[in-house]
Amino acid sequence: MRDEVKAEVRAYVAEQFLPGESPDLITDTTLLVSDGIIDSLGSLRLVSWLEERFGITIQASEVAVDHLDTLDLIADLVLSKRG
Amino acid sequence: MSALTQTGSERFALNAAAISVLLVIAGAAAAFVALAADYYGVGVNRCELGCGLLQSFGASQMALLALGVAATLGGSALQMRLGMHTLREALGFWLITGQVALVALIIRLYEIESRAFFELVTTLILCGFVINHHTPRPARPKVFFALGILTIVAVFAAGKPLETALLIGFALAIFWIANLNIAMRWRVLILALVLVALAAVHTGLIETSWSNIVVPLLASMFIFRLVIYLYDTHNGHGPKDLWTRLGYFFLPPNPLFPFFPVVDFATFGRTYYNQAALLIYQRGADWILRGVIHLLLYRVVYQFFTIAPEQVGTPLEFVHFVFANFALYLRISGLFHLIVGVLLLFGFNLHETHSRFYLSSGFIDFWRRINVYWKDFMQKLVFNPAYMALKKRGFGHIAAVLLAIAATFFVTWALHAYQWFWLRGVLHFSLPDFLFWALLGVFLALQTYIESKRPPAAAAAQPSLLRQGLLLGRQLCTLFVICLLWSLWGSATVADWFDLLANAGVAPLLRSNTPEAWALTVVSIGIAALALAVTLGLVPGPVQPARTPARAQQPYAHWRSAVPVGLALLLIAPQALKPRLSIDQQLAIEAVSGSRLNAYDQAAMTRGYYEELTNINRFNSPLWESLMFRPQSFQDMADWAGVRRRNDYIRYDFIPGAEFNAHGVTIRVNSFGMRDREYSLAKPPNTTRIALIGSSRAAGLGVEQEHLFETRLENALDAQAETDGRSVEILNFALPGSFTVERQLLFEERALQFSPDVVLYVSGPREDASLHIARMYRVGRTAPYPVIEDVIERAGLDRSMSLERMVALLAPYKYEVLAEVYRRIAASARANGATPVWLFLPNVQGMAAANSDDVEMQSRLAGEAGFVILNFPDVFAEHPIETTYVGAWDTDHPNAFGHSLIADALRDRLVDLHARGEIDLGLAPGAADAQR
């Protein structure tokens, strides 16, 4: 399940934020927010997509680097919401 | 036995490690004492500008420094031997330390920011950096917190012990309340009550002696950081360790920089040593150097390239003005680089701030680059919550984003006013301020909307010449539009901004409704609209490519010190070679060495002693900083209890018999309206009378009456005359804030009736009466001399013009008016049997090269009018300026010590003049020799 979430997020991030790049460029620990790949508006787009795609609700305080900086952290957030 | 041996060697290693840390601490402390000794020995062993850093160093200081460095290196070597650091790490660390030391030297040589910073805090930070690195990782937050406390103590404790204790005490109390084990709402309520109490103190509702230092600094530490702290801790983010949490509020350079980046609490904890230490340190050292370069560039712009809005008269001057005005922001970017660089030296791997903001391509890019800490703060506390709330109410992505942007910019505007209140004690709401943030918000929202309709930009396209050229065009357009908005922000009123546009000839329609005016205005609007369209992205062109993961990685290497060290040496070279350079080159170096007000701000500050200033360029102004620590009791002169307004060409004068407090001292006015003791109208027999004419420096603004140079001089000359049964009286007719024309009128009205033998006219910064003439003209007062009426006509004044514009138009005629004033005073004095003496008294800060021509001209005009000329430009030169001025908010007026210097110098010169027969003080022959 965890790997599926990461694979989907990886594909989404590559398509939306790194057009023309291979999804493989994004590893589980690539810093998406800290390194500027996803900016503030991008974070909100990602959160909206996560809510819609996985049927979860994310709080404003969770739209933070602590939860969105890597595929691992994003998977943690999604899985914690899905119980 | 084996276990016992193991324990013993472990204990040995532990003891050796502790010894190594102690050695480093002792060594760094000794080095700090040696380097900071001059700071506390004011005027004893102080290195004046240009004399070279080490010339003031005594042998004992040098020995202590050598001992300290040796002990530190010994401790570091011991740690290497114990395996705590590898040779490569140690070498890298000391290379970076050398780089930081070089930058500290530049900061000291160029006197960057306040003296407490360049002589004390940079050394403290350098020593703290060395100690921190050699301390075991778990103990480093304690070192960082201790350094924060030490910075406050080092800067303030010697001169302001009460304020220091209160600042630390209040800060710890606020931290304690923020961490109380009660519900968040109760904590917030208690903190809000504390805030209200501090606001009452700050506004003077509750009077204290300490508020002007303690409250702004406390506010700078807490007003924003406390909000993030509460938000993050409530949501389980940020460091849990007590010392790191404390360190977050006591950030080391903060006490010297009240306008401080809003560091995010979660980021502060998350980034702590999140990469190799050397990599973080290297970046910190680079940013400190970059900050220093920004600050030096800022000084070059501030001293040589800024022009006042009223000097703008052509479109080219307008472009010059708006670009130079925006370039002043280098001060903030420099300070933020420097501050964040310091935090990196202690392992806090924070984001880069103000990353090449002048190369922004569009509003979104500008907002992301300029003050990224503020952007993050707004995003966390306003933008994200607003967006999420709107989405949950059914708004679409774009609608929610646009509304969240509007909320963000509205709150940004309100919080800037809030910050202004805590730093200055008054709320600052202005229409230009509101318009600036509103327009920036609208443009950012527009660009967001435009970009949302485009497919994502492809990354890593090969740069071509055309592509680079188009990008450069967009960057220039962005810069131009931002500069325009900045000029609006910096204007006191929207009408002033329109005046600027009209005077520059870029919007003549604001003045005249002619076809030519229409054409020029339409062309200007067209150019601005085109630049705006390009900035918004309405005109197709390249955008910055997305960042790829590969770009983010950059490993540490020793060679990375080479470029910054080379740059640092290049900056040191001019100071080292200064004695061999020409006078002009030396003057140019001096102009960027030290925090001096430029001529425009100096004039504004002089004006600010008597009236409220509204046109201070927000937080980005040395003038603003000078005024920040102004005493709470400061009032505009118009509000002084002992001053009355007049309806003639003199705006106000003292109320006879009044006694009141102004600028922190008691002013006692005698029955004739002088700030002086009582005198009889008729001159007593055997008495020599001197009538003193001047403005605030002669009236003694900020100094008690018994310490004025006038009182001291009178006592000295009178004591000298007393031996021959004579006496000397000096009648002080000086009036603070008075212009030359007012002084001449007051002289005629009051001084002559006292039958003076000598009229001593003290020349000051208000020898240019243009502002006074403009004001009087605007309110319809009749000019007292035909020359003034003539000048008004020739300058082409119109009552609808702004005062600044009128002053600019009158500027070419200022010496004509001055010559007439001098001629009238000298002629009246001589006609009444008095000898007129003209005295030039310099500012405490000394005379800038730009003023010397002006003073020479004044002196020439006074001589031609018939004055005896007295000039002692070096009266304060041998003393550090902080020992001779009233306060940091008033660096123009001498304090009691400054007045004693003037009195001594003046007594000698007057007695000399008497001995040479140029004036008659009624002293016995040979008095001058006796005095010597």
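The values are calculated or read from the model by the stated rules, or taken from the named source; none is laboratory data. Fair warning: this is a prediction, and the values are worked out from it, not measured in the lab. FYI the Cβ positions are ideal-geometry reconstructions off the backbone, even for glycines, and counts take in every protein chain you see.
Some notes on this structure:
Residue-wise test of (1) part of a helix (DSSP H, G or I); (2) at the interface with chain B (Cβ under 8 Å from one of its Cβ atoms); (3) in contact with a Lys or Arg (Cβ under 9 Å, 6 or more places away or on another chain).
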| residue | (1), (2), (3) |
| --- | --- |
| A:3 | yes, no, no |
| A:13 | yes, no, no |
| A:24 | yes, no, yes |
| A:29 | no, no, no |
| A:38 | no, no, yes |
| A:61 | yes, yes, yes |
| A:80 | yes, no, no |
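- Taking region B:218-246 as the range and being touching a residue at least 24 places away in the same chain (Cβ under 8 Å), out of contact with any Gly (no Cβ under 6 Å at 6 or more places or on another chain) and among the small types (Gly, Ala, Ser) as the test, the residues that pass are B:219, B:220.
- Number of the exception - residue B:361 against (1) closer than 18 Å to residue B:476 by Cβ; (2) assigned to a helix (DSSP H, G or I); (3) in contact with a Leu (Cβ under 9 Å, 6 or more places away or on another chain): (2)
- Search result, residues across region B:721-743 that are in a loop (DSSP other than H, G, I, E, B) and closer than 17 Å to residue B:861 by Cβ: B:739
- Residue under evaluation residue A:34, criteria (1) within 11 Å of chain B (Cβ to nearest Cβ); (2) assigned to a helix (DSSP H, G or I), criterion not met: (2)
- The single condition among (1) without any contact (Cβ under 8 Å) to a residue 24 or more places away in the chain; (2) surrounded by 22 or more Cβ atoms within 10 Å (Cβ to Cβ) that residue B:658 does not meet is (2).
- Counting the residues of region B:378-403 that are within 41 Å of the chain's Cα centre (by Cα), closer than 17 Å to residue B:446 by Cβ and within 9 Å of another protein chain (Cβ to nearest Cβ) gives 3.
- In region B:89-101, the residues that are closer than 19 Å to residue B:339 by Cβ and of a type outside the set (Val, Ile, Thr): B:99, B:101
- Scanning region B:886-932 for residues that are modelled with pLDDT under 80, of a type outside the set (Gly, Ala, Ser) and surrounded by 18 or more Cβ atoms within 10 Å (Cβ to Cβ) gives B:886, B:889, B:890, B:891, B:892, B:923.
- Residue match in region B:691-704 (condition: touching a residue at least 60 places away in the same chain (Cβ under 8 Å), farther than 16 Å from residue B:743 by Cα, acidic (Asp, Glu) and touching a strand residue (DSSP E or B) at 6+ places or on another chain (Cβ under 7 Å)): yes
- Any hit, region B:860-869, residues being surrounded by 20 or more Cβ atoms within 10 Å (Cβ to Cβ), under 35 Å from the mean Cα position of the chain (by Cα) and not in a helix (DSSP H, G or I): no
- Taking (1) facing chain B (nearest Cβ under 9 Å); (2) assigned to a helix (DSSP H, G or I); (3) crowded, with 21+ Cβ neighbours inside 10 Å in turn, residue A:45 satisfies each apart from (3).
- Any pair with Cβ under 6 angstrom, 6 or more apart, that starts in region A:17-31 at a residue that is surrounded by 11 or more Cβ atoms within 10 Å (Cβ to Cβ) and ends at one that is among the charged types (D, E, K, R) and part of a loop (DSSP other than H, G, I, E, B): A:31/A:69
- Being among the aliphatic types (A, V, I, L, M), surrounded by 12 or more Cβ atoms within 10 Å (Cβ to Cβ) and modelled with pLDDT under 90 is a description that applies to residue B:34.
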